Amino acid sequence: MGASPSSMSKLPEDLGLLGRDKRALSKLISLLERDPDLVADVLSKLWVREPRAHVVGVTGAAGVGKSTLIAVLAKTLSDRGYRVGIIAIDPSSPFSGGAVLGDRIRMKSLASANVFLRSMSTGAEESLPCKALLAIEVLEGVGYNYIIIETPGAGQYSVNIMKAVDTVMVTLMPGAGDEIQAIKAGLMEIGDIYVINKADKPEAEMTYNQVLFAVKDVERSGWKTEVVKVSALYRKGVGDLVNVLLKRDEFIRSSGLQVSKRKERRKLELELLLDLRLKKLIKELLASDSELTNLYERVVLGGLDTVTASKEIISKLTEVLKHYKPLK
Ligand SMILES: Nc1nc2c(ncn2[C@@H]2O[C@H](COP(=O)(O)OP(=O)(O)OP(=O)(O)O)[C@@H](O)[C@H]2O)c(=O)[nH]1
Ligand SMILES: [Mg+2]
């Protein structure tokens, strides 16, 4: 059931209400995913100046337990009165497949809590990071305190999103030389908090010690890297993790890191939006101007080299742009 622009009128006018109504929020994000222009009005209303939410990126290899961990973390934070928004970015498998966020019971307990859950499974779509960042804006704007983004460890967009969050939580699991894998995947440089999940397994102690040793004395922007052992499945050590997160919360506020991260995030968001718009615009212009189509054809037919053609296209585009009226 796709949301249509007309359903926009059914979104609550009152932003406080929108924040409490998960279905309306979901609809808003669907529209945003389809085309941010459809919700430009609402976005401008809920735009916040000073950062309010703590944006946490959870990354790590497939199957380490990110979703399970996020579910228990969100539940615990919500029990303590915080509102938690989750965006699970999982381009390879659909959210409803059951693998993500585990069993139904867990999902149910989240549904009744102050937790909003959203997946973005739009394949390797180029606009995904941009839409994820805009969804963060929405969740922050309607009053969510924590916004947790799950991304698979690999992929450039995953790396980009992790650069833009306030806190990077790298999830690892014991055994199979995971620490070595993490080093290879570049995960040992990016974490503010390392979570050794599946601590119910005996090998966890060794992995914990290895990671502790690897990040000993590591500081990022004045924050000393923390390592926490948990078992998300058996809900052990989650309290410790929450305490570290609250400590981090205090740190990003008092150090000004939250403000600078927010700047980075909005800069990236704007760049991504411009990128997408420009590409769309260029396509439209190419299709609408016969001279440009001609240049294109000459390259395709082999007569004109791509470097000269791209230069000519850009200079022609600047001319066309002066008289251009965007399509609605
Ligand atoms: N023993 C044990 N198993 C766990 C723990 N946490 C998660 N698992 C299991 O690990 C498997 C993967 O968990 P997920 O939460 O889906 O892992 P993920 O990192 O989100 O996986 P992807 O999203 O596919 O990358 C599931 O079978 C979980 O039940 C834990 O603390 N201990
Ligand atoms: Mg997952």
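No lab work stands behind these numbers, since they all come straight from the coordinates. A quick note: this is a predicted structure, and the numbers were derived from the prediction, not measured. Because the Cβ atoms are built from the backbone with ideal geometry, glycine has one as well, and the counts that use them run over all protein chains shown.
In terms of Cα to Cα distance under 27 Å, which lysines are near enough to K236, apart from those fewer than 8 places away along the same chain?
The reachable lysines, counting only those whose Cα sits under 27 Å from K236, are K66, K75, K108, K198, K201, K216, K224, K247.
Ranked from highest to lowest mean number of other Cβ atoms within 10 Å per residue, what is the order of the peptides 30-41, 276-287?
30-41, 276-287
Please give, to one decimal in nm, the separation of the simple spin-label points placed at A214 and S290, each 7 Å out from Cα toward the Cβ.
6.2
So how do F213, F116, F251 line up by other beta-carbon neighbours within 10 Å, fewest first?
F213, F251, F116
Considering all alpha-carbon pairs of the stretch 210-277, what whole percent are spaced by more than 20 angstrom?
Taking all Cα-Cα pairs of the stretch 210-277, the fraction more than 20 Å apart is 51 percent.
Separation between the D35 and D240 pseudo-spin-labels, each 7 Å from Cα along Cα→Cβ, expressed in nm?
Taking the simple label geometry, D35 and D240 are separated by 5.1 nm.
Could you give each residue of the stretch 229-242 its phi-based ³J(HN,Hα) in whole Hz, using Karplus coefficients 6.51, -1.76, 1.60 with θ = phi - 60°, and x for Gly or Pro?
Whole-Hz 3J(HN,Hα) from phi for the stretch 229-242: 9, 9, 10, 5, 5, 9, 6, 9, x, 5, x, 4, 5, 4.
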